[in-house]
Every structure is written in structure tokens, then in C-alpha cells.
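S.K.: This is the structure I have questions about; it appears just below.
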Amino acid sequence: MVGREKNTKQVSTLEDRISQLPEHLISKILFHLPTKDDVRTSVLSTKWRYLWQLVPGLDLDSYAFSNFYKFVRFVESFISSNNESWIRKLRLYISHDHGMCDISSWIDAVASRRIQHIDLSFDLTYQPDKIPPLTLRLYTCETLVHLRLYGATLVDAEFVALPCLKILHLEYASYPNESTLEKLISGSPILEDLTIIRYLAYNAKVLQVRSQKVKKIHIDHSRVVIDAPLLQSLRAKIYKTKNFEIINLGFFTKLDIDVVFISHRTYDSSMIHDIITDISMVKELVINNGIWKDIFLYSKSGPVQQFRNLSSLNAEFTKSDLELLPLILESCPKLESLTLELVKDQYMRREKKKKPNVMYSTVPLCLVSSLKFVEWKRSIPRFFDSDRVSCLDKLKLAINGNEDKSYVISWIDAAVKRKVQQLHLRVKCFSKYGYCGMPVSLYACETLVSLKLVFVTLDDVDFVSFPRLKTMHLSYVWLSKDAGFERFISCCPVLEDLEISGCANAPQTLRVYSRSLKRLYIGYGYSTQVDSVPGVVIDAPQLCFLSIRDFKSESFIIKNLKYNSKVVVDVTFGFKFSDEASLSSSVSSGITLIRSFLSGISKVGDLTIDWQTFQIIYNYSKSESLPQFGYMSRLCVSLFSQHLKGLATFLESCPNLKSLVVMLFDYLHYQELHPEEMNQIKCLQSSLEFVVFKLFTGDVAQMKLVRCFLENCVILKKLTLHLDSNSTEDEIVKKLLEIPRASTKCEVVIVKN
């Protein structure tokens, strides 16, 4: 019975904390769920009963209803209710009963309510020719950003104006002619992402895609001429003839090309030549296995194709294709960065696997003159077996799988021998083998400048020395019993950038002593220990940036922090609290720890405090005085409206504050700030020049706080409101005009997100 009561209490506490979130945050969460799931939340509690109706979007599948009529009635009821509010998203999957709904009237309604995202899918399995045509209003929706139509019927339009449209996906849509699509494209001046997929039509006319902004194109079963100087990504399916032509590709651009040959080996050499012509001038190229292999098979019949401008190549390979690697390197004389990803060959599943034979007749020019960065995304053999690569600047490995990863040790050892300067390693393995170990040679690498390790083991070795190491990032690293962070840090005399997060078997107390460290990031729980740990000790007099996000450590001792440094804190001092009473009790028992922490950061120049830490500091300030933050010029804080008096108290300790950023969340209770309290805050009278509100909704608490600053900040120059997506700008402006300002030079700026 005791166990059950304990579990019940924990669940109840969690539900209460979720329910206490501001309504606009709950609405944002529900916005990303299907409407069916949103409606289900109405049974959680009385507060949640009608919250789903505030969500500015509709995401429905007609098959989720017992009959199509109920689906239609639900959509029409949603659109007609609160017809003054915005609707940001309309995503509908409409069954084969599509003839029974007036889809045009729905689009007309949402288009007048600032719709941003329209996604309509029609079931094509039954009477696709009966799908009702869409309204002309769709072509002149000024707020539309994302339009996806599957199986829809488009009508021709004389005029198209979609000034905000960035994404246009047309899949198996029917339309009168290619001119309709060309008007859609030309009428979307900032279009960036275009997809056109249609049924195979041999009589289709050529589609002219002319856009100064489009970056990504996916075409299927269409003949397209592309005039897009900013194009970065092209995906196309080729049957027997090349169906695209690029006539204006930006010089020295980046191109991600993925060409799929449906009938493999049916192409001719002229088609491959055309593709080479399209891409030969690019500077950065990402290309899939099929087309890359075909290009170099074509090159075997003549001189090697030269990509003279290519400096970065990201390519897919199968094991059998690795024999082409020398040819590829020979064709890229200026190559600086090479990323290879090993993929399975779907055409050789039943054939006997053959070990590739990678042979170099001559040393490719890029190996001795330009190649600086190599990244393997899968196990690719023999690169480190060759002595031709005498120097390697950067090695980046990302390896997944449950097999034995011991071969990685030999690779790292080979990289150290080649004087590697940047080593970034991520070896994720969930098996009996555990984390991958590191070779002894790594611990004394004299050339290493940057070391980033994820999911590896660091052992206790006799000698550690990183004389040139400036950057060290350790995430989810297993430390052997005696291999502590303190030792690694002390062996890095020029270390400047250190990140630590989620490490297993970490020391009970994290000690960071460094005379050179400038940036330190301690991630969410630097240790994966289940229980709370004693704490963190930092002594780094050159530290300019410190970020601590730690919910387990009990104490934070910070010594010799540099003047005017930047600090980001999201800590709870190991407290576990569910309400104000339990928090007050925890703070009372931890006053000494909090006092020590605040004293350690009192010289900060730029401070960011998360809402949980601020709540703890506010409770602390009720019984203890806060230290003076005399060097602080910028403060960024998030808090709930019932802790506003804590903000006033904190500002009193910042006499020279110039810039304040506030993220205020609404709550059931609101603390009123009185004029006499504001008058006691020195910075409002003498130094505060800039105030910024994030996620501003215009609710009562936020508007009252804005009034406090406008009426009391004597030298305020600018107050900026970053509106939440659900905010009503006109109403906010009307309220702002009614507020008197203490500063005659104050400018109020409204920013729409």
C-alpha cells in the first residue's frame, strides 16, 4: 500500500506541473499533434477540456471518422467557430467520398485567416477524376508559406501572387497545362523548395522552372528546364532519357544531386555526358552512389573527367565500388574535403561478395597538395594501410552498429602517426563489447589541436600529454576508475574550449583547474550517476564563457571568474521540489551552497538564468541578501508571473545593468509590482537602455510589466517585443499607445516571429 501511495503521488505531481504551463505553451505543444490526439486531451482535467479548441490548426484524416459526413461537419464547425482567430495550419486527408465536401469554401475561409500551412491529400483509389477543383483564392493567399497537394485538381489562373510561399510540393496533382505550374512558380518570389511528381506522361510539355531563390528541386516524370542560380539540391528519376536540363547553375555553388535510374543500365553515354556538363563547375558536391559510379564507368572509355573547381565531395559508395577511389581522387585536383559513406549494393545481394582491390598507379595530386579533411561514415578499408598519406589534418568518424569496434583503435593509432590535428570520433555500440577504447598513442599526441569524443572509453595510462590541444569535447565518455577529468585537463597547458556532458563513471566532484581555459560547457548532468553528486569546482581565471546545465550536482564553487564574463546557468542544486513549500524547505537547507554560487558569479558581465534557477534564487532572496552584480551589463531571465517580485529584487542588485531580456510565462497567480518598488531599482533610473520581451503574447502580466518599464526607465532607448505566433499585433499596439513613457527617446519595436 505504501508503494502504491508513493507512485500515485508522483503521477499527481507530474500532472499538476504540466497543467500549470501557460496556455499558449500548451497550445504550441498541441499544434504539432494530430487534431484527433488534441481532442483526447480534453478528458485530462477541467482545465484541459476546451484547450484543444485554442489550437490554431486542423490536422485530420477522414478515415478516423465513422462516416464522411461527420468528418465534413467537424471541419466546418472548426472553421466557422471563432472566425476572427487565426488558423495557421490546415492538413486534411480526404477519402474517396471527396465529392461530398466543399473544399473550395474551406480554403476560402482559411485564406482570410492568415493560413501559413496547407496540406491536402485526396484518396486516388476511387474516381480520381471526380476530385473537385481547388478555388482560385489559393493562388492569392498572401500569408501562405507551405503548400502541399497530393492528388488535387488545380485550375488555371490568370494571376498568381504568393509572396510568402517557400515550400511547394505537388504530388500526382492534375492541372490544365505546364503554364499553370509556371505561373505558380513565377508568382512565388521567395520559393525555396519545389517538388513535382506526376504520373508518367510521354506527351507532357517541357516545364520551365525559372526562379532566383529556389534551392531544392525534386522532379519525377516531368521534363524540366531549370534556371536556378541558387540551386543546392536536385533529385530526379530517370527512365530512358534525361528529363532535366540545367541552364543556369550558380558558379562555384554547392549541389546535392540524387539521380535514380529506374531501368538501370539503359542509359547511353550522351546522357551521362550531359549530366557531367551540368555539374562539372560546382565547388561543393553531394552525390549518391548510382550516378557517381556511372560517371566514372563512362570516364573509363576516355580521358578522366576533371572537376577542377571541386573542393568538397560527399559521396556514397558500395564496397565493390571502392576500386574507383583512385580515379575519383585523380579527377579532383583541388579537393580539400572528402566524405565517403559506405552503402549496401542492392544489385549484388545474391552475388558472392568480393573484397575490393584499391590500387594507385600514381599518387593523386590532391593527396599531396590540397586534401585536408577526410570523414568516413562507415567502415572503409585500406585507407590507413597506405603510406602515401603522410599527413592528415582532420579525421572525423561516425560509426554505428553492435559489432566489435576494436579495429577503430588501429585507425586512431594510424591517424596519430600521420600527425592528425583534429580528431572527432563517435562510436555508438549497444552490445557486450561496450564502449570503444582508445590507443595509448592518442594520450600523447603532440599535434592534436581539437579532440571531440562521443561514446568511447578513456583509460588510465602512465603518461598523458596534449601540448597543443585547444578544444576538447567529451560526451558520454566512460572513464576508467583512476582516469579523472582533472588529470586530462592538467595535461593540456593551452586548452581553451572544454565541453563535458553525460559521462559514465565520472568523478564524484568535477574539478576544472586551468590557467588557459576560455570557454567551459557542462552539459545536462555531466555525470550519468543516478544519485546527486557533491558538485563542481571551477578555477579558471581566463574564463570568458561558462555554461552549466546540471540538475544533479549539489554545489557549484566558482573561483577567480574573469570580470565581464558571460555565464549561462540552469541548475537546481540537486533540489527535488514539486511546489513552493517543498522548494522553500530545500532552499533553507541549502542556503550556504546558494550563497557560495552567487558570490562566485558576482563579477559576471552577461548572465542568463533559466526559470528553475531563478525560482531558487527568488526563494533565497526572501531570507538572504543577494550580492551586488556591479559589472553586469546584460541580464537574460525566464520566469513565471508569480515570481515578478523576484525580478525586482534581482534588478536591485544590478546597479549598472544596460540590457534586459525577459521571457515571462503566464501563471494562475500574478505578482503586482508597485511604483515604490520600481523606484528603488537604481538601474531603471540611471543605466537601463534596452529591454526585450521574448514570446510576447500581450497577456495581463506581460502588459503590466511592460508598463512598469516604460513608466519608470528614465533613459530607456528601445523596448522590443518579439511576438508569439498567437499574438494579436493590433490589440498590443493599441494598449502600448495608452502607456506614458518616462524616456522621451524610447522607441518601441514589434517583431513578428
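The values are calculated or read from the model by the stated rules, or taken from the named source; none is laboratory data. None of these values were measured; they are calculated from a predicted model. All Cβ positions, glycine included, derive from the backbone under ideal geometry; neighbour counts span all protein chains shown. Each accessible area value is taken on the protein alone, full model and side chains, heavy atoms only, with ligands, DNA and RNA left out. Shrake-Rupley method; radii C 1.70, N 1.55, O 1.52, S 1.80 Å.
S.K.: Check whether at least one residue in the range 681-700 is crowded, with 16+ Cβ neighbours inside 10 Å, modelled with pLDDT of 80 or more, in a helix (DSSP H, G or I) and within 34 Å of the chain's Cα centre (by Cα), and report yes or no.
M.R.: No, there is no match, as no residue in the range 681-700 is crowded, with 16+ Cβ neighbours inside 10 Å, modelled with pLDDT of 80 or more, in a helix (DSSP H, G or I) and within 34 Å of the chain's Cα centre (by Cα).
S.K.: How many of the residues making up the range 114-143 are touching a His at 6+ places or on another chain (Cβ under 8 Å) and in a loop (DSSP other than H, G, I, E, B)? Step through it out loud before you land on a result.
M.R.: Of the residues in the range 114-143, the ones touching a His at 6+ places or on another chain (Cβ under 8 Å) are 116-119, 122-123, 125-127, 130-132.
Okay, now just the ones that are also in a loop (DSSP other than H, G, I, E, B), so 116, 123, 125-127, 131-132.
Matching residues across the range 114-143 total 7.
S.K.: How many residues are modelled with pLDDT of 90 or more, open to solvent by less than 20 Å² (accessible area, probe 1.4 Å) and part of a loop (DSSP other than H, G, I, E, B) if we restrict to the range 144-159?
M.R.: Residues in the range 144-159 being modelled with pLDDT of 90 or more, open to solvent by less than 20 Å² (accessible area, probe 1.4 Å) and part of a loop (DSSP other than H, G, I, E, B): 1 in total.
S.K.: What do you reckon, is ASN619 of a type in the set (S, T, N, Q), open to solvent by 20 Å² or more (accessible area, probe 1.4 Å) and on the phi < 0 side of the Ramachandran plot?
M.R.: Working: of a type in the set (S, T, N, Q): yes; open to solvent by 20 Å² or more (accessible area, probe 1.4 Å): no; on the phi < 0 side of the Ramachandran plot: yes.
No.
Per-residue answers, yes or no, for (1) assigned to a strand (DSSP E or B); (2) surrounded by 19 or more Cβ atoms within 10 Å (Cβ to Cβ); (3) modelled with pLDDT of 85 or more:
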| residue | (1), (2), (3) |
| --- | --- |
| VAL461 | no, no, no |
| ALA506 | no, yes, no |
| SER516 | no, no, yes |
| LEU520 | yes, yes, yes |
| VAL537 | yes, no, yes |
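S.K.: I'm checking my understanding of the structure. Among residues of the range 260-288 that are at pLDDT below 65, under 35 Å from the mean Cα position of the chain (by Cα) and among the β-branched types (Val, Ile, Thr), which one is farthest from ARG308 (Cα to Cα)?
M.R.: Restricting to residues being at pLDDT below 65, under 35 Å from the mean Cα position of the chain (by Cα) and among the β-branched types (Val, Ile, Thr), the top hit is ILE262.
S.K.: Outside any loop (DSSP other than H, G, I, E, B), within 28 Å of the chain's Cα centre (by Cα), modelled with pLDDT of 90 or more and closer than 23 Å to VAL440 by Cα, is that true of LEU498?
M.R.: Values: outside any loop (DSSP other than H, G, I, E, B): yes; within 28 Å of the chain's Cα centre (by Cα): yes; modelled with pLDDT of 90 or more: yes; closer than 23 Å to VAL440 by Cα: yes.
So LEU498 passes the test.
S.K.: A further question on this structure: Scan the range 607-616 residue by residue and report those that are in contact with a Cys (Cβ under 8 Å, 6 or more places away or on another chain) and surrounded by fewer than 20 Cβ atoms within 10 Å (Cβ to Cβ). Walk me through it before giving the result.
M.R.: Step one: filter the range 607-616 for residues in contact with a Cys (Cβ under 8 Å, 6 or more places away or on another chain), giving 607-609.
Listed by number, the list holds a single entry, THR608.
S.K.: Moving to a separate point now. Report, by residue number, each residue of the range 710-722 that is assigned to a loop (DSSP other than H, G, I, E, B) and buried (at least 18 other Cβ atoms within 10 Å of the Cβ). Working first, answer last.
M.R.: As a first pass, look at the range 710-722 and keep what is assigned to a loop (DSSP other than H, G, I, E, B): 713-717.
CYS713, LEU716 - these are the residues of the range 710-722 that are assigned to a loop (DSSP other than H, G, I, E, B) and buried (at least 18 other Cβ atoms within 10 Å of the Cβ).
S.K.: Name, by its number, the condition in (1) farther than 29 Å from LEU723 by Cβ; (2) open to solvent by 100 Å² or more (accessible area, probe 1.4 Å); (3) at pLDDT below 75; (4) within 35 Å of the chain's Cα centre (by Cα) that does not hold for TYR63.
M.R.: (3)
S.K.: Test of understanding: among PHE650, PHE597, PHE629, which residue is closer than 23 Å to ILE557 by Cβ, open to solvent by less than 10 Å² (accessible area, probe 1.4 Å) and either in a strand (DSSP E or B) or in contact with a Phe, Trp or Tyr (Cβ under 7 Å, 6 or more places away or on another chain) (or both)? Don't jump to the end; show me each part of the working.
M.R.: Numbers: PHE650 fails: either in a strand (DSSP E or B) or in contact with a Phe, Trp or Tyr (Cβ under 7 Å, 6 or more places away or on another chain) (or both); PHE629 fails: either in a strand (DSSP E or B) or in contact with a Phe, Trp or Tyr (Cβ under 7 Å, 6 or more places away or on another chain) (or both).
Checking each option against the conditions leaves just PHE597.
S.K.: Only residues that are in contact with a Phe, Trp or Tyr (Cβ under 9 Å, 6 or more places away or on another chain) and touching a residue at least 40 places away in the same chain (Cβ under 8 Å): list them for the range 670-698, please.
M.R.: Answer for the range 670-698, where residues must be in contact with a Phe, Trp or Tyr (Cβ under 9 Å, 6 or more places away or on another chain) and touching a residue at least 40 places away in the same chain (Cβ under 8 Å): just LEU695.
S.K.: Quick check, is SER465 of a type in the set (S, T, N, Q), at pLDDT below 85 and assigned to a loop (DSSP other than H, G, I, E, B)?
M.R.: Values: of a type in the set (S, T, N, Q): yes; at pLDDT below 85: no; assigned to a loop (DSSP other than H, G, I, E, B): yes.
Considered against the rule, which asks whether it is of a type in the set (S, T, N, Q), at pLDDT below 85 and assigned to a loop (DSSP other than H, G, I, E, B), SER465 comes out as no.
S.K.: Only residues that are outside any loop (DSSP other than H, G, I, E, B), charged (D, E, K, R) and farther than 27 Å from GLY630 by Cβ: list them for the range 554-594, please. If you could, list the steps in order and put the result at the bottom.
M.R.: Step one: filter the range 554-594 for residues outside any loop (DSSP other than H, G, I, E, B), giving 554-559, 566-571, 580-589, 591-594.
Among the residues that remain, those that are also charged (D, E, K, R) are: 554, 559, 566, 570, 580.
Within the range 554-594, GLU554, GLU580 qualify.
S.K.: For the range 707-730: of the residues being modelled with pLDDT of 90 or more and β-branched (Val, Ile, Thr), which is nearest to the chain's Cα centre (by Cα)?
M.R.: THR720
S.K.: Every residue in the range 431-448 that is touching a Ser or Thr at 6+ places or on another chain (Cβ under 9 Å) and either open to solvent by 40 Å² or more (accessible area, probe 1.4 Å) or small (Gly, Ala, Ser) (or both), please.
M.R.: We begin by selecting, within the range 431-448, every residue touching a Ser or Thr at 6+ places or on another chain (Cβ under 9 Å); these are 433-439, 443-446.
Within the range 431-448, TYR433, GLY434, TYR435, GLY437, ALA444, GLU446 meet the criteria.
S.K.: Filtering the range 117-143 down to residues that are among the charged types (D, E, K, R) and open to solvent by 30 Å² or more (accessible area, probe 1.4 Å), which residue is nearest to SER62 (Cα to Cα)? Steps first, answer last, please.
M.R.: Start the filter on the range 117-143 by keeping residues that are among the charged types (D, E, K, R), which leaves 119, 123, 129-130, 137, 142.
Narrowing further to those that are open to solvent by 30 Å² or more (accessible area, probe 1.4 Å): 129-130, 137, 142.
Numbers: ASP129: 19, LYS130: 17, ARG137: 24, GLU142: 28 Å.
Residue satisfying both the conditions and the ranking: LYS130.
S.K.: Among SER725, SER641, which is in contact (Cβ under 8 Å) with a residue 24 or more places away in the chain, open to solvent by 10 Å² or more (accessible area, probe 1.4 Å) and of a type in the set (Gly, Ala, Ser)? Don't jump to the end; show me each part of the working.
M.R.: Working: SER641 fails: open to solvent by 10 Å² or more (accessible area, probe 1.4 Å).
Every option except SER725 fails the conditions.
S.K.: Considering only the range 573-622, state which residues are at pLDDT below 90, of a type in the set (Ser, Thr, Tyr) and within 17 Å of LYS645 (Cα to Cα).
M.R.: SER584, the sole residue that qualifies.
S.K.: Then there is this: Evaluate the following for LEU162: is it touching a Phe, Trp or Tyr at 6+ places or on another chain (Cβ under 8 Å) and part of a loop (DSSP other than H, G, I, E, B)?
M.R.: Working: touching a Phe, Trp or Tyr at 6+ places or on another chain (Cβ under 8 Å): yes; part of a loop (DSSP other than H, G, I, E, B): yes.
In short, yes.
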